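Here's the structure, in structure tokens; my notes come after.
The values are calculated or read from the model by the stated rules, or taken from the named source; none is laboratory data. Computed from a prediction, not measured in an experiment: that's the story for all the values here. Please note: Cβ atoms are built from the backbone with ideal geometry, for glycine as well, and neighbour counts cover all protein chains shown. Keep in mind that these areas ignore ligands, DNA and RNA; they rest on the heavy atoms of the full protein, side chains included. Shrake-Rupley method; radii C 1.70, N 1.55, O 1.52, S 1.80 Å.
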Amino acid sequence: MHRRTLVALATAAVTAATLSAPAFAQASGEIRIAHIYSKTGPLEAYGKQTQTGLLMGLNYATGGTMAVGGKKIVVIEKDDQGKPDLGKSLLASAYSDDKADIAVGPTSSGVALALLPVAEEYKKILLVEPAVADAITGDKWNKYIFRTGRNSSQDAISNAVAIDKPGVTVATLAQDYAFGRDGVKAFKDALKSAKLVHEEYLPTTTTDFTAGAQRLIDKLKDQPGRKIIFIIWAGAGNPFKIADLDLKRYGIEIATGGNILPAMSAYKNFPGMEGATYYYFGIPKNPVNEAMVAAHYKEFKAPPDFFTAGGFSSAMALVTALKATNGDTNTNKLIKTMEGMSFDTPKGKMTFRKEDHQALQSMYHFKIKVDPAFAWGVPELVREIKPEEMNVPIRNKR
């Protein structure tokens, strides 16, 4: 029954996409970009930010023309709802029925792993943004996959910079799927001085963290020195509720990476908490970030968020490549252009590493400050961790 439902949903979604973009011979004057993302589902907030950033970035990178090399850019939206089977069928329909030249997305690492073989089958580029799992540019990678989003190793190495010190004991709390498990593996690999004593994995739908927290406390409470629970969590549920169990009584601290602004409202309870983040609108100082922040305030009366920057970066990468080919969307030509290519983003310069097409990029070591003017804990920059400081492993078999 479950499988039939998925097939029905996929068929309905494909039909809807076809109705909004009738069958046609691809116009030679168009560059067709399919965006497969979680417009609905558990990661909806992330997906919508990516879509906003992608459109803003395309507009900025093309100087408001939405065209490159005399060809109009057309963006085709597809809602994968966070479901791998649905995402897979939507990407296949985008490449075949909608004649997409390139695809961007998806939001979920689970969906991304289902999409990788589809890109290989159709011999078309999939620019992964923002799915994080290392396997995407690791053992599941193929030559059609590029990623502007950070990977689990970049997250982990930068967070290790913040808390990996002698005499520190760490336990991890993560979601039990590709994002959480890859994140913990990379974090564990990045630790050189601190000691990791426990890994706690909970379902993505968890709302009651009591049992998991108790296991973490039991593993940490009698350890000497500084004790930290490092949290890797995305989407629904608030793992910071574990602080209600009076962690301070056992001298246990919480650490985590950056997140979207609504999730960072929980950070206000942890002044001084350290971690590393992919993006926060107040940190990078460069013309692209200034332009994105200004445009976002103008349109939404609010700052751009974590995944808005990612969508914007993916647009900058695509337009940089397409300008270099003068609008030619031939896949082999694009791959040749993009391998080793540097491009400007709201985070500064990124470069696609030739070996695995992962974008090498800065991360930001922060300390949380509580400012009454903001509804969230403000990540104040301790220092920028530059790409050359992070020895991000190449995990594919190329």
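A few remarks follow.
- Amide H contacts for M341 (H built 1.01 Å from N in the peptide plane; partners 5 or more residues away or on another chain; cut-off under 5 Å): F352.
- Shape call, segment 121-223: gyration tensor on alpha carbons, a/c limit 1.5: oblate
- Segment 277-352 - Rg over Rh from alpha carbon coordinates, Kirkwood radius: 1.04
- Taking 16 Å as the cut-off, the amide N atoms of segment 133-154 that come nearer than this to a point 7 Å along the Cα-to-beta-carbon line of N391 belong to 153-154.
- Between segment 282-312 and segment 47-112, the C-alpha centres lie 20 angstrom from each other.
- Surface share of carbon and sulfur [accessible, 1.4 angstrom probe, percent] for segment 25-155: 52 percent
- Reachable lysines, given that their alpha-carbon falls under 22 Å from the alpha-carbon of K39 and they are not under 8 places away in the same chain: K48, K78, K83, K88, K99, K301
- Selection of trypsin sites (Lys or Arg not before Pro), segment 304-371, meeting DSSP coil and at most 14 other Cβ within 10 Å: K354
- Segment 255-318, accessible surface, carbon-and-sulfur percent (1.4 angstrom probe): 61 percent
- Accessible area per residue, Å², segment 185-230 with all protein chains present, probe 1.4 Å: 52 Å²
- Pairwise FRET efficiency - E380 versus S342, Cβ, R0 = 30 Å, nearest 0.05: 0.60
- Whether segment 180-238 is rounded, prolate or oblate, judged on the alpha carbon gyration tensor where a/c under 1.5 counts as rounded: oblate
- Note on the chain: with charges restricted to the Cβ of Lys and Arg (+1) and Asp and Glu (-1), its dipole about the Cα centre is near 420 debye.
- Computed from phi, the 3J(HN,Hα) profile of segment 218-227 under the Karplus parametrisation 6.51, -1.76, 1.60 (θ = phi - 60°) reads 4, 6, 9, 4, 9, 6, x, x, 6, 10 Hz, with x in place of Gly and Pro.
- At a probe radius of 1.4 angstrom, the accessible area of segment 293-394 per residue rounds to 43 square angstrom.
- In this structure, the residue pairs whose Cα-Cα separation is over 26 Å, taken from K227/K285; K333/K397; K140/K188; K241/K369, are K227/K285.
- 222 nm mean residue ellipticity, helices alone, for the chain (DSSP H n ≥ 4; -39,500 (n - 2.57); rounded to 500): -11500 deg cm²/dmol
- Counting DSSP beta bridges with both ends in the chain, the antiparallel % (nearest 5): 35 percent
- Listed by chain and number, the aspartates and glutamates placed with their C-alpha closer than 13 angstrom to that of K195 are D164; residues fewer than eight positions away on the same chain are left out.
- For E253, distant residues with modelled amide H under 5 Å away: K227, I228, I229
- Of interest is the spacing of the C-alpha centroids, which for segment 225-275 and segment 179-208 amounts to 14 Å.
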